[in-house]
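The values are calculated or read from the model by the stated rules, or taken from the named source; none is laboratory data. Since the model is a prediction, treat every value here as computed from it, not as a measurement. No Cβ is skipped: glycine too gets one built from the backbone with ideal geometry, and neighbour counts run over all protein chains shown. Note: areas computed on protein heavy atoms with side chains; ligands, DNA, RNA excluded. Shrake-Rupley method; radii C 1.70, N 1.55, O 1.52, S 1.80 Å.
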Amino acid sequence: MNSQLIMQIFEECPLIYRRTADGAETIVLRRGVECGDGWFEHIHQLSLSIESIAQHLQREGMPICMLPQVSQVKEKFGDLCVYLEKSAAGVAEVVDLARQRAAKTCELCGQPGKKRITSSEWVIVLCDNCADLN
Ligand SMILES: [Zn+2]
């Protein structure tokens with residue numbers, strides 16, 4: 001994903017995209033969001049929802065090291081995969097919803113799409129237009 005889009009997500013969601021307790025970068029902080037720009041909206045919404053859960057828990061007094069933390073976001077076999085170092089009530093549902101939406105969204109351009117197998121045997125969600133070009 002384009003680094004400007006990734007920076008937007010990190011800046012808006014500093015709790016869940018934080019470093020580890022010993023100051024190391026998580027995989028997502030090192031590598032960025034490992035999928036196409038077409039899924040930006042779903043990952044943005046997912047991040048804002050989990051950040052809001054984290055903010056709520058923090059207001060209730062939970063220490064920062066216990067708050068939900070995203071460690072990796074990637075595409076794998078056409079699915080959106082979100083790995084968490086720490087989770088919390090409600091987070092799994094948010095991730096599930098984003099995964100269902102991404103499965104029907106072209107990973108390249110964000111238009112409605114479906115899973116396809118490319119000539120090089122990759123499974124990827126594409127719209128008709130992008131499928132013709134790839
Ligand atoms: Zn497309």
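Okay, here's what the table says:
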{"quantity": "Residue satisfying all of: in segment 66-77; at pLDDT 95 or above and either more than 14 Å from residue 51 (Cβ to Cβ) or exposed (fewer than 14 other Cβ atoms within 10 Å of the Cβ) (or both); nearest to the ligand (Cβ to nearest atom) among these", "calculated": "75"}
{"quantity": "Options 56, 42: the member that is outside any strand (DSSP E or B) and within 16 Å of the ligand (Cβ to nearest atom)", "calculated": "42"}
{"quantity": "Odd one out for residue 9 among (1) surrounded by fewer than 16 Cβ atoms within 10 Å (Cβ to Cβ); (2) assigned to a helix (DSSP H, G or I)", "calculated": "(1)"}
{"quantity": "Qualifying positions in segment 80-111 - open to solvent by 60 Å² or more (accessible area, probe 1.4 Å) and in contact with an Asp or Glu (Cβ under 9 Å, 6 or more places away or on another chain)", "calculated": "99, 101, 108, 109, 111"}
{"quantity": "Pairs with Cβ under 9 Å, 6+ apart, first in segment 1-21 and in contact (Cβ under 8 Å) with a residue 60 or more places away in the chain, second in a helix (DSSP H, G or I) and open to solvent by 30 Å² or more (accessible area, probe 1.4 Å)", "calculated": "20/65"}
{"quantity": "Any chance residue 35 is within 16 Å of the ligand (Cβ to nearest atom), open to solvent by 40 Å² or more (accessible area, probe 1.4 Å), under 30 Å from residue 129 (Cβ atoms) and at pLDDT 95 or above", "calculated": "no"}
{"quantity": "Residues within segment 82-134 that are over 16 Å from the mean Cα position of the chain (by Cα) and part of a helix (DSSP H, G or I), tallied", "calculated": "6"}
{"quantity": "Of all residues in segment 84-134 being within 16 Å of the ligand (Cβ to nearest atom) and of a type in the set (Ser, Thr, Tyr), the one that is modelled with the highest pLDDT", "calculated": "105"}
